[in-house]
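A short worksheet on the structure shown next.
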Amino acid sequence: MNDIRRTILWVIFGFSMVLLWDQWQLYNGRVATFFPAPSNKPAVSAPMAETPSAAAPASAAPASQQIAAAEAKAEPIRREKIEVRSDVLALSFDTEGGSLVRAEFLKHSDANQADKNFVLLEQSKERVYLAQSGLIGGNFPNHKTLMTLASGPRELKEGRDQIELRFESPEMGGVQLVKTYIIQRGHYDLAVKHELINKGANPVVPQLYVQLVRDGNKLAGESSFYSTFTGPAYYTEAKKYQKIEFSDIEKNKFEVDKQADNGYVAMVQHYFASAWLMAKGIQREIFMRKVDTNLYAAGMIATVGELAPGASKTMDATLFAGPQEENRLEALSPGLELVKDYGWLTILAKPLYWLLDQLYKLLHNWGWAIVALVVVLKIAFYWLNAKAYASMAKMKAINPRIMEMRERLKSNPQQMQQEMMKIYREEKVNPMGGCLPIMIQIPFFIALYWVLLSSVEMRNAPWIGWIQDLSAMDPYYILPLLMTLTTLLQTALNPAPPDPMQAKMMWLMPLIFSVMFFFFPAGLVLYWLTNNILSIAQQWLINTRMGVPPQFNLPKFK
């Protein structure tokens, strides 16, 4: 009876994992892997970059309506692109609004074209992803205003630590906007100074807005077997980190902090992000809006205050566009590291990442750091695992006695159950004793899974031989095959269920879940493979010490 209960628990656990996986896929806007539902959502493509944006929907906040109105009445104009290059970034700015319209990362290659650098921000027929800013509250300069660029260096030469780009708008509504970008050596964050000058005869009350505009297209090369979030997000001390689906913006089914004096807005995708940051204490309104067909904006509107004639005021902001390197993000702004999303296990994932980072500094190889981290976790949980394997060993030792009893009393189920409980009491065996210690460890290993899946450090990071990118699939499927074999070996070392149906489930479930690992990044498979090998070694050692010779219980599907 206890064997049946154990099998039922395994079946429930396995089916729950399948349902959780499908719900996670749906939560992140993907198609369910096991039970896909037909999609009624029409496919749309990004608009031409030069197409003027339509006005925001009537339900948008009044301030964001003003931004949309400025876009709608702007006329197409001729402008030029300004190319700037640092040691880590190749950037393109548009003199229309002084906007950042392209960001290429010189230290990160494209996952689909290894000979090209990765591009995050872009303005083309295929993709729209821009960083814009401007003024509202009157007929003031905005991201559609043609600006002029002051002369200066456009490449970070040896001996220089930063480049400054100064865009100047014409006077509009009595106000001139001077936008200065400061690009520093080794930095993915740009300091952006907005200087507002009242050149008119009357006081004005402008507001500064910053926004990230992106199409809702899926990323090229996304995996169907694991899911990561793509879309806008924001952070405030009150609401903490919040992700907003493009579909929720489409349906206006979302909430944001209307007023705050802290926080940021971001556009997030796997491994990379962009964000607008402002200093704490500046009053701001956070907004999300649909700009055009398949085009969405996330931004902040900051209070400037009244500007008297002849007065000026500088509003500082920071624009980040780069990889989700946790230490770099933490140094920029509170909560910015959360764009590297570990989900509900962040409290466990962050210390695990810290430990992984320390091991990398010691070993100088992310693959060996993963192996070392699994070893450290196995040592930390050694006694819990020992209790679990000891319980399994006792079950294995009495298994022949139970099999004989089941065969003898198969016509009397009630007496069989009583006799089985008597054997367990005599031998001091708890049939569920191997489950609890393993269940305690599951959150830690799930957290480590998200650490490895989310860490940009795994991109293009080699391990040994044929594994030259821990974020990509094993090109020869060697690691997934080894992981499948070790999983089956673990199953063979466990006590064999007497019931053929139970035996089938015990063998088929590991095979089913192993299939997914053929499509997982090599770093994740390496982690599970290392865990399997260490678990087998510990189980073998404990069985031997307890006088239960290791025995392979092969399946019998008769």
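The values are calculated or read from the model by the stated rules, or taken from the named source; none is laboratory data. It should be emphasised that the depicted structure is a prediction, and the values quoted were computed from it without experimental measurement. Glycine gets a Cβ as well: all are built from the backbone with ideal geometry, and neighbour counts include every protein chain shown. We work out accessible area using only protein heavy atoms, side chains counted, and drop any ligands, DNA or RNA first. Shrake-Rupley method; radii C 1.70, N 1.55, O 1.52, S 1.80 Å.
Details
- Residues in the range 438-468 that are under 15 Å from Asn531 (Cβ atoms) and free of Cβ contacts under 8 Å to residues at least 40 places away in the same chain: 1 in all.
- Restricted to the range 137-159, and to residues there that are at pLDDT below 90 and charged (D, E, K, R), the residue that is nearest to Ile301 (Cα to Cα) is Lys157.
- Scope the range 112-123; condition under 22 Å from the mean Cα position of the chain (by Cα) and in a strand (DSSP E or B); matching residues: Asn117, Phe118, Val119, Glu122
- Qualifying residue in the range 246-255 (condition: in contact with a helix residue (DSSP H, G or I) (Cβ under 7 Å, 6 or more places away or on another chain) and part of a loop (DSSP other than H, G, I, E, B)): yes
- Considering residues of the range 138-185 that are of a type in the set (D, E, K, R) and not in a strand (DSSP E or B) only, the residue nearest to Asp87 (Cα to Cα): Arg185
- Of the residues in the range 94-111, at least one is of a type in the set (Ser, Thr, Tyr), assigned to a strand (DSSP E or B) and either open to solvent by less than 10 Å² (accessible area, probe 1.4 Å) or modelled with pLDDT under 95 (or both).
- A residue that is touching a Lys or Arg at 6+ places or on another chain (Cβ under 6 Å) and open to solvent by 20 Å² or more (accessible area, probe 1.4 Å) cannot be found anywhere in the range 205-212.
- Residue check, Val128 under 30 Å from Trp450 (Cα atoms), β-branched (Val, Ile, Thr) and either in contact with an Asp or Glu (Cβ under 8 Å, 6 or more places away or on another chain) or at pLDDT 95 or above (or both): yes
- Residue in the range 468-478 that is touching an Asp or Glu at 6+ places or on another chain (Cβ under 7 Å), hydrophobic (A, V, I, L, M, F, W, C) and at pLDDT 90 or above present: no
- Single unsatisfied condition, Leu307 versus (1) over 22 Å from the mean Cα position of the chain (by Cα); (2) open to solvent by 20 Å² or more (accessible area, probe 1.4 Å); (3) not basic (Lys, Arg): (2)
- Whichever residue in the range 400-455 is within 20 Å of Ala372 (Cα to Cα) and aromatic (Phe, Trp, Tyr) and, among such residues, is modelled with the highest pLDDT: Trp450
- The set of residues in the range 278-304 being open to solvent by less than 30 Å² (accessible area, probe 1.4 Å) and either without any contact (Cβ under 8 Å) to a residue 60 or more places away in the chain or of a type in the set (Lys, Arg) (or both) consists of Arg284, Ile286, Met288, Arg289.
- Scope the range 308-323; condition small (Gly, Ala, Ser) and either touching a helix residue (DSSP H, G or I) at 6+ places or on another chain (Cβ under 9 Å) or more than 13 Å from Lys199 (Cβ to Cβ) (or both); matching residues: Ala317, Ala321, Gly322
- Single residue of Ala492, Ala537, Ala496 found to be at pLDDT 85 or above and not polar (S, T, N, Q): Ala537
- Selection of the range 291-311 for residues being within 22 Å of Lys144 (Cα to Cα) and either at pLDDT 95 or above or of a type in the set (Ser, Thr, Tyr) (or both) yields Thr293, Leu295, Tyr296, Ala297, Ala298, Gly299, Met300, Ile301, Ala302, Thr303.
Every residue, every condition in (1) in a strand (DSSP E or B); (2) farther than 29 Å from Val210 by Cα, yes or no:
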| residue | (1), (2) |
| --- | --- |
| Asp316 | yes, no |
| Leu319 | yes, no |
| Gly322 | yes, no |
| Asp341 | no, no |
| Leu345 | no, yes |
| Lys350 | no, yes |
| Trp354 | no, yes |
| Asp357 | no, yes |
